[in-house]
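This report refers to the structure that appears directly beneath it.
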Amino acid sequence: MRALSRAITAVENRTTDSHELLKALFVHSGRARVVGLTGSPGAGKSTLVDALAGQYRKRQKTVGIIAIDPTSPFTGGAILGDRIRMQSHTGDSGTFIRSMATRGALGGLSSTTADVATVMDASGRDLVLIETVGVGQDEVDIVRLADVTVVILVPGMGDDVQSIKAGIMEIADIFVINKADRDGAERVEREVRAMQALAMRHDNWVPPVVKTVASNGTGVAELAATIDEYENFLTTSELGHQRRIANWRNRLREMMRDEVLRRIVQGAFSEEAVGEYASQVADQQRDPYSLIDEIVGKLAR
């Protein structure tokens, strides 16, 4: 557990040896099932992740949990409070929980979430559960990382229809209506069903709707069974392999972009240089477009 924690810290902080560490670990990854859980703030994601992890532990499955928390744009800090809601797994060697700050990244994940998931996968975890920040309608990056994406809705938030718009409908493999003991759960389910009738998926999978009350465990076993059902669908239809190829296509582009940016920052775009460039552009001495062409051109040589 300590070795896993140190490895994740190195990857998250992008230490000098983290790149070589990931190279060594990658050959041992690819076995864990990655399940992403996303939804609006207040949907009960942390409680549901905690309950779902408990369900898998009953099956003697080892679980890694990555809980993403937002970073303050003012202080740069993060509360990392999701771990507090998962105290039931304290002392359980079969469950490893890691809280991560977004560190300014958008889309509900941290920039190193995928690499941390690789580390957990390589450590031998059977499942990796990723709880996104909960930023709302734009939180769709998880679909490029997870094998199974669970979208969590909750009645009575006043934004039932809004939660289903702007890409969320397309990324959901499974819908969960959490806190289903509240009034309005049936209305949320009807809205989901109505939206499904308007938006057909290319793989012909119709995302099931599962009702849960995560605080007392109601429906969690059914959710785990539904995840199993979708996993079987992916395996028998070869869609799982196709999805992994599509996910890696996107991730390779992101890795290339990050590496190019890193090299630029190390070279011509240091903090001191940025300050000088910014001053020149602000004073209309240079235009930013020619400046960027010049910097990128130097890198390409």
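Answer with yes or no whether R263 is of a type in the set (K, R), part of a helix (DSSP H, G or I), in contact with a helix residue (DSSP H, G or I) (Cβ under 7 Å, 6 or more places away or on another chain) and under 30 Å from A32 (Cα atoms).
Values: of a type in the set (K, R): yes; part of a helix (DSSP H, G or I): yes; in contact with a helix residue (DSSP H, G or I) (Cβ under 7 Å, 6 or more places away or on another chain): yes; under 30 Å from A32 (Cα atoms): no.
Here the answer is no, as R263 does not meet what is asked.
Every test in (1) touching a strand residue (DSSP E or B) at 6+ places or on another chain (Cβ under 9 Å); (2) modelled with pLDDT of 95 or more is passed by Q60 save one, and that test is (1). In region 63-71 there is at least one residue that is modelled with pLDDT under 95 and polar (S, T, N, Q).
When region 1-38 is filtered for residues that are more than 17 Å from the chain's Cα centre (by Cα) and hydroxyl-bearing (S, T, Y), the ones remaining, listed by number, are S5, T9, T15, T16, S18, S29. Close Cβ contacts (under 7 Å, 6 or more residues apart or on different chains) running from residues in region 211-228 that are among the basic types (K, R) to residues that are not in a loop (DSSP other than H, G, I, E, B) comprise K211/I177; K211/A185.
Yes or no: S99 at pLDDT 90 or above, within 18 Å of the chain's Cα centre (by Cα) and either hydroxyl-bearing (S, T, Y) or not assigned by TED's automatic domain parsing to the domain that holds R125 (or both)? Steps first, please.
Working: at pLDDT 90 or above: no; within 18 Å of the chain's Cα centre (by Cα): yes; either hydroxyl-bearing (S, T, Y) or not assigned by TED's automatic domain parsing to the domain that holds R125 (or both): yes.
Taking the combined requirement at face value, the residue does not satisfy it.
The values are calculated or read from the model by the stated rules, or taken from the named source; none is laboratory data. The structure presented is a predicted model; accordingly, all values stated were derived computationally and were not measured. FYI the Cβ positions are ideal-geometry reconstructions off the backbone, even for glycines, and counts take in every protein chain you see.
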